[in-house]
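The values are calculated or read from the model by the stated rules, or taken from the named source; none is laboratory data. Values in this document were obtained by computation on a predicted structure and should not be read as measured data. Heads up, the Cβs are rebuilt from the backbone with ideal geometry, glycines too, and the neighbour counts pull from every protein chain shown. Each accessible area value is taken on the protein alone, full model and side chains, heavy atoms only, with ligands, DNA and RNA left out. Shrake-Rupley method; radii C 1.70, N 1.55, O 1.52, S 1.80 Å.
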Amino acid sequence: MTPPDSPPALAAIIAELCASAPGRTICPTDAAKAFADALGEDELAWRSHLSAVRRTAVRLALEGRLAIYRKGKVVDPTDFRGVYRLGAPSAE
């Protein structure tokens, strides 16, 4: 079994959240909060996981498992800045 603080567990949480909202995107903070909750951390601990969420999202996007959106458009996972959202890759 994968320890809950491992990157595969974070990837699974992100993928699950994206899959639970078909046709919609999720905020990275939702993934960080779900990950902190899975670790049993307090309600503000999610903030420390935002960098890991971003790194994991980039990896998943490069693998084609999710898409990173900015202003409603898919962006290059290796070159984006600012506010972003996560979602399932488009079928296009």
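Per DSSP H run of n ≥ 4, the term is -39500 (n - 2.57); total these for the chain, divide by its residue number, and report the mean residue ellipticity at 222 nm rounded to 500 deg cm²/dmol.
-12500 deg cm²/dmol
Based on the Cβ-Cβ distance of residue 71 and residue 51, what FRET efficiency does E = 1/(1 + (r/R0)^6) give at R0 = 25 Å, to the nearest 0.05?
Once the sixth-power term is evaluated, E becomes 0.70.
Cut-off 10 angstrom, C-alpha nodes, Gaussian network model of the chain. Which of 72, 82, 40 fluctuates the most?
82
Please compute the net charge surrounding residue 33, taking Lys and Arg as +1 and Asp and Glu as -1 over other residues with Cβ under 10 Å from its Cβ.
Counting the neighbours of residue 33, the net charge comes to -3.
Relative contact order (percent) for the stretch 47-92, with alpha-carbon contacts under 8 angstrom and 6 or more residues of separation? Provide the component values of the computation, followed by the final result.
Values: 44 pairs, mean separation 15.2, N = 46.
Relative contact order, the stretch 47-92: 33 percent.
Tell me the accessible surface of residue 37 in square angstrom (1.4 angstrom probe, heavy atoms of protein chains only), to the nearest ten.
Looks like 120 Å² after rounding.
Mind pulling the angle between the C-alpha long axis of helix 50-62 and the longest principal axis of the chain? Nearest 10 degrees, somewhere in 0 to 90.
40
Give the residues of the stretch 41-61 whose amide nitrogen is closer than 20 Å to a point set 7 Å from the Cα of residue 79 in the direction of its Cβ.
The answer is 55, 57-61.
GNM on the chain, C-alpha springs below 10 Å: top fluctuator among 47, 81, 59?
So, out of 47, 81, 59, the one fluctuating most is 81.
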